[in-house]
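Here's the structure, in structure tokens; my notes come after.
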Amino acid sequence: MANPNVKVQYNQIFINNTFVNSISGKTFVTLNPANKLKIADVAEGDKADVDLAVKAARTAFQIGSKWRTMDASARGLLMTKLADLIDEHKVTLANLESLDNGKPYDDSLLDISAAVGTLKYYAGFADKIHGKTIPADGPYLSFTKPQPIGVVGQIIPWNYPILMLTWKWGPALATGCTIVLKPAEQTPLTALYVAALSKEAGFPEGVINVVPGYGPTAGQAIASHQDINKVAFTGSTEVGKIVMEEAAKSNLKRVSLELGGKSPLLVFDDVDVDEAVSIAHDALFSNMGQSCCAGSRTFVQEGIYDKFVEKAAKMASEKKVGDQFDSSTQIGPLVDEEQFNKVLGMIESGKKEGAKVETGGSKVGDTGYFVYPTVFSNVTDEMKIAREEIFGPVQQIIKFKTLDEAIERANKTNYGLAAGILSKNINTVLKYIESVDAGSVWVNCYDAVNAQTPFGGFKQSGHGRELGEDGLKEYLEIKTISIKKQF
Ligand code: ADP
């Protein structure tokens, strides 16, 4: 049951299966974005704490350790146990997630169910990671042995806190890596709770470590650490570049990045307009628009443009904005003041540059970080709202005439995370699939994100893939062994 008074049990750093204060003794406050009131003080980790966590993770990764000698199948069972515990504790976790992040309680429950699914999916891989025997030239028996990459640093964002955690832990644990994770400073609570559950599940000391703290301190310490073998980062393109630079400057650790987007969704004249409006609405407004793959450029063909805009505005205007624990709420608050101000600033820029506000266009009251679902029409490609990531409940509806023109405009961005198309014409769809620069293409649907299917970006939306079998590769080194035959 939704409960805004859920008790915060874990607010310290988790190292070696133990909760500890930060070495500096510092803490930071995490707020409820619906009323700006403090939820809890949380231990603020920085470089010294990251160092301790890395030491723990390194020890757990030593040859001969419990973790390294455990059967792969047993590793998979531990992961399944953790997934089951998350499921058992889903009500508490959903309450903590909604309190910290602002998303409606039912949405948190959906995220948790996806998180459980992700861990279970990867648990199944633990004893199915195979090498190859290779008929190499010469008197050799040659084969490959995929090995865990080592100690991995993982830096996650605030938009889907528990889900992003499992996207990172799933492949890391299945391959046998050890982990130092930093949750976002806005939303540290569910990561700490899941850390406690990982101990209950039976993970050996040091395999999983969680250090809450700020990006430029704790995050930077992970990216630049000399004894971390790989960093996995999800967040803004701007910070992704810093992480990559720090990784290169320190020990050339492996890097995977899942970054920003400005994803195009093309809607053609031949569709059912009501259905298309609804798909495009969800593509943008789900999670209050705070999604890296949000369909934030809605390209609509001219024949249905006016009708589409009218219906899209009506749908957005009917959404109930409110407290995340109210069961009728569809749109909760944005995560924090910075995000709130950024989104309001983007709305002002849209107005100034001549886009037309069809609905919304302002904040809601003064108690929390609420913004009305906003729909802009008459948006042109040059406008800031059509070029930059907004990460808020603001839909840009852009008119186009032909497929070729739409493809060219859809690709005119530095991003390439996702793309959608709504059309009944198979050749239109096929040409788009082939031409669009995006890691995921959704046809007659949107946000078809699944544990089984790889997800990641072209261009400045990132490096590498998460989820699916491909997600495992980011956590493996391939060792090639050649044995001379002497018979
Ligand atoms: P967003 O814009 O979604 O808040 P950020 O890229 O700022 O995304 O943050 C995503 C994650 O990256 C958070 O955990 C944040 O603390 C962390 N982070 C921010 N700055 C840095 C940095 N300089 N080095 C490493 N991590 C950082």
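Is there a residue being out of contact with any strand residue (DSSP E or B) (no Cβ under 8 Å at 6 or more places or on another chain), of a type in the set (Gly, Ala, Ser), farther than 26 Å from Arg409 by Cα and outside any loop (DSSP other than H, G, I, E, B) anywhere in region 251-269? Working first, answer last.
Kept after step one, since they are out of contact with any strand residue (DSSP E or B) (no Cβ under 8 Å at 6 or more places or on another chain), are these residues of region 251-269: 251-252, 260.
Among the residues that remain, those that are also of a type in the set (Gly, Ala, Ser) are: 260.
Imposing the further condition that a residue be farther than 26 Å from Arg409 by Cα reduces the set to none.
No, there is no match, as no residue in region 251-269 is out of contact with any strand residue (DSSP E or B) (no Cβ under 8 Å at 6 or more places or on another chain), of a type in the set (Gly, Ala, Ser), farther than 26 Å from Arg409 by Cα and outside any loop (DSSP other than H, G, I, E, B).
Being in contact with a helix residue (DSSP H, G or I) (Cβ under 6 Å, 6 or more places away or on another chain) and without any contact (Cβ under 8 Å) to a residue 40 or more places away in the chain is the filter; apply it to region 254-280 and report the residue that is nearest to Ile397 (Cα to Cα). Lay out the reasoning, then the answer.
Taking region 254-280 and keeping what is in contact with a helix residue (DSSP H, G or I) (Cβ under 6 Å, 6 or more places away or on another chain), we get 255, 257, 259-261, 264-267, 269, 273, 277.
Filter again for without any contact (Cβ under 8 Å) to a residue 40 or more places away in the chain, leaving 269, 273, 277.
On the way: Asp269: 14, Val273: 14, Val277: 11 Å.
Residue satisfying both the conditions and the ranking: Val277.
In region 87-95, is there at least one residue being outside the structural domain of Phe391 (by TED's automatic domain parsing), touching a Lys or Arg at 6+ places or on another chain (Cβ under 8 Å) and either part of a helix (DSSP H, G or I) or open to solvent by less than 60 Å² (accessible area, probe 1.4 Å) (or both)?
Step one: list which residues in region 87-95 are outside the structural domain of Phe391 (by TED's automatic domain parsing), which gives 87-95.
Imposing the further condition that a residue be touching a Lys or Arg at 6+ places or on another chain (Cβ under 8 Å) reduces the set to none.
No; the residues of region 87-95 include none that is outside the structural domain of Phe391 (by TED's automatic domain parsing), touching a Lys or Arg at 6+ places or on another chain (Cβ under 8 Å) and either part of a helix (DSSP H, G or I) or open to solvent by less than 60 Å² (accessible area, probe 1.4 Å) (or both).
Considering only residues of region 403-424 that are surrounded by fewer than 18 Cβ atoms within 10 Å (Cβ to Cβ) and not in a helix (DSSP H, G or I), which is nearest to the chain's Cα centre (by Cα)?
Applying the filter and picking the extreme gives Asn414.
Would you be able to say whether some residue in region 300-311 is in contact with a Leu (Cβ under 9 Å, 6 or more places away or on another chain), within 22 Å of Leu422 (Cβ to Cβ) and open to solvent by less than 10 Å² (accessible area, probe 1.4 Å)? It would help to see each step written out before you state the result.
Pass one, region 300-311, residues in contact with a Leu (Cβ under 9 Å, 6 or more places away or on another chain): 300-301.
From what is left, the residues that are within 22 Å of Leu422 (Cβ to Cβ) are 300-301.
Still in the running and open to solvent by less than 10 Å² (accessible area, probe 1.4 Å): 300.
Yes, region 300-311 contains at least one residue that is in contact with a Leu (Cβ under 9 Å, 6 or more places away or on another chain), within 22 Å of Leu422 (Cβ to Cβ) and open to solvent by less than 10 Å² (accessible area, probe 1.4 Å).
Among the residues of region 329-365, how many are surrounded by 20 or more Cβ atoms within 10 Å (Cβ to Cβ) and within 13 Å of the ligand (Cβ to nearest atom)?
5
If you check Gly219 against the conditions, is it within 14 Å of the ligand (Cβ to nearest atom) and either within 28 Å of Lys26 (Cα to Cα) or not assigned by TED's automatic domain parsing to the domain that holds Gln339 (or both)? Please lay out each step first, then the result.
Numbers: within 14 Å of the ligand (Cβ to nearest atom): yes; either within 28 Å of Lys26 (Cα to Cα) or not assigned by TED's automatic domain parsing to the domain that holds Gln339 (or both): yes.
The answer is yes for Gly219.
Confirm whether Ala276 is open to solvent by less than 10 Å² (accessible area, probe 1.4 Å), at pLDDT 95 or above and more than 12 Å from the ligand (Cβ to nearest atom). Walk me through how you get there before you give the answer.
Numbers: open to solvent by less than 10 Å² (accessible area, probe 1.4 Å): yes; at pLDDT 95 or above: yes; more than 12 Å from the ligand (Cβ to nearest atom): yes.
Criteria met by Ala276.
Considering only residues that are in a helix (DSSP H, G or I) and of a type in the set (A, V, I, L, M), look in region 279-297 and name the one that is most open to solvent (accessible area, probe 1.4 Å).
Kept after step one, since they are in a helix (DSSP H, G or I), are these residues of region 279-297: 279-289.
Now restrict to residues that are of a type in the set (A, V, I, L, M): 279-280, 283-284, 288.
Numbers: Ile279: 34, Ala280: 0, Ala283: 3, Leu284: 3, Met288: 1 Å².
Here the answer is Ile279.
Kindly evaluate Ala283 against the criterion of being touching a residue at least 40 places away in the same chain (Cβ under 8 Å) and either under 30 Å from Asn101 (Cα atoms) or within 16 Å of the ligand (Cβ to nearest atom) (or both). Give the steps one after another, and end with the answer.
Details: touching a residue at least 40 places away in the same chain (Cβ under 8 Å): yes; either under 30 Å from Asn101 (Cα atoms) or within 16 Å of the ligand (Cβ to nearest atom) (or both): yes.
Yes: the conditions hold for Ala283.
On the basis of being assigned by TED's automatic domain parsing to the domain that holds Ile63, in contact with a strand residue (DSSP E or B) (Cβ under 7 Å, 6 or more places away or on another chain) and of a type outside the set (A, V, I, L, M, F, W, C), does Thr237 make the cut?
Numbers: assigned by TED's automatic domain parsing to the domain that holds Ile63: yes; in contact with a strand residue (DSSP E or B) (Cβ under 7 Å, 6 or more places away or on another chain): no; of a type outside the set (A, V, I, L, M, F, W, C): yes.
For Thr237, the condition - assigned by TED's automatic domain parsing to the domain that holds Ile63, in contact with a strand residue (DSSP E or B) (Cβ under 7 Å, 6 or more places away or on another chain) and of a type outside the set (A, V, I, L, M, F, W, C) - is not met.
In this structure, does Gln220 turn out to be over 21 Å from Asp51 (Cα atoms) and at pLDDT 95 or above? Walk me through it before giving the result.
Details: over 21 Å from Asp51 (Cα atoms): no; at pLDDT 95 or above: yes.
Answer is no for this residue.
Among the residues of region 147-178, write down those that are over 30 Å from Glu338 (Cβ atoms) and open to solvent by less than 30 Å² (accessible area, probe 1.4 Å). Working first, answer last.
We begin by selecting, within region 147-178, every residue over 30 Å from Glu338 (Cβ atoms); these are 147-151, 171, 173-178.
Matches in region 147-178: Pro148, Ile149, Gly150, Val151, Pro171, Leu173, Ala174, Thr175, Gly176, Cys177, Thr178.
Which one of these is within 22 Å of the chain's Cα centre (by Cα), within 26 Å of Asp106 (Cα to Cα) and touching a residue at least 24 places away in the same chain (Cβ under 8 Å): Gly240, Gly289, Gly213, Gly219? Step through it out loud before you land on a result.
On the way: Gly240 fails: within 26 Å of Asp106 (Cα to Cα); Gly213 fails: within 26 Å of Asp106 (Cα to Cα); Gly219 fails: within 26 Å of Asp106 (Cα to Cα).
Exactly one of Gly240, Gly289, Gly213, Gly219 is within 22 Å of the chain's Cα centre (by Cα), within 26 Å of Asp106 (Cα to Cα) and touching a residue at least 24 places away in the same chain (Cβ under 8 Å), namely Gly289.
In region 186-199, which residue that is open to solvent by 10 Å² or more (accessible area, probe 1.4 Å) and more than 8 Å from the ligand (Cβ to nearest atom) is nearest to Gly64 (Cα to Cα)? Break it down into steps so the answer makes sense when it comes.
Initial filter on region 186-199 (open to solvent by 10 Å² or more (accessible area, probe 1.4 Å)): 186, 193, 196, 199.
Okay, now just the ones that are also more than 8 Å from the ligand (Cβ to nearest atom), so 193, 196, 199.
Numbers: Tyr193: 29, Ala196: 25, Lys199: 20 Å.
The residue in question is Lys199.
Spot the failing condition for Ser224; the list is (1) within 16 Å of the ligand (Cβ to nearest atom); (2) closer than 27 Å to Val300 by Cβ, and only one is missed.
That leaves (2) as the condition not met.
From the list Gly206, Gly213, Gly202, which one is away from the ligand (no atom under 16 Å from the Cβ), surrounded by 24 or more Cβ atoms within 10 Å (Cβ to Cβ) and small (Gly, Ala, Ser)? Talk me through it step by step, then tell me what you get.
On the way: Gly213 fails: away from the ligand (no atom under 16 Å from the Cβ); Gly202 fails: surrounded by 24 or more Cβ atoms within 10 Å (Cβ to Cβ).
Only one candidate qualifies: Gly206.
Given the structure, is Lys47 closer than 18 Å to Ala123 by Cβ and in contact (Cβ under 8 Å) with a residue 12 or more places away in the chain?
Values: closer than 18 Å to Ala123 by Cβ: no; in contact (Cβ under 8 Å) with a residue 12 or more places away in the chain: yes.
Criteria not met by Lys47.
Specify which of the listed residues (Lys262, Lys230) is within 23 Å of Ala57 (Cβ to Cβ) and away from the ligand (no atom under 12 Å from the Cβ). Please lay out each step first, then the result.
Numbers: Lys262 fails: within 23 Å of Ala57 (Cβ to Cβ).
From the options Lys262, Lys230, the qualifying one is Lys230.
Would you kindly identify the strands (runs of 3 or more DSSP E) lying entirely within region 1-70 that contain at least 3 residues that are in contact with a Gly (Cβ under 7 Å, 6 or more places away or on another chain) and crowded, with 20+ Cβ neighbours inside 10 Å?
Details: elements: 13-15, 18-20, 27-32, 37-43.
Correct list: empty, since no element meets the threshold.
The values are calculated or read from the model by the stated rules, or taken from the named source; none is laboratory data. Owing to the predicted nature of the structure, the values given are computational and were not obtained by experimental measurement. Heads up, the Cβs are rebuilt from the backbone with ideal geometry, glycines too, and the neighbour counts pull from every protein chain shown. What goes into the accessible areas is simple: the full protein's heavy atoms, side chains included, and nothing from ligands, DNA or RNA. Shrake-Rupley method; radii C 1.70, N 1.55, O 1.52, S 1.80 Å.
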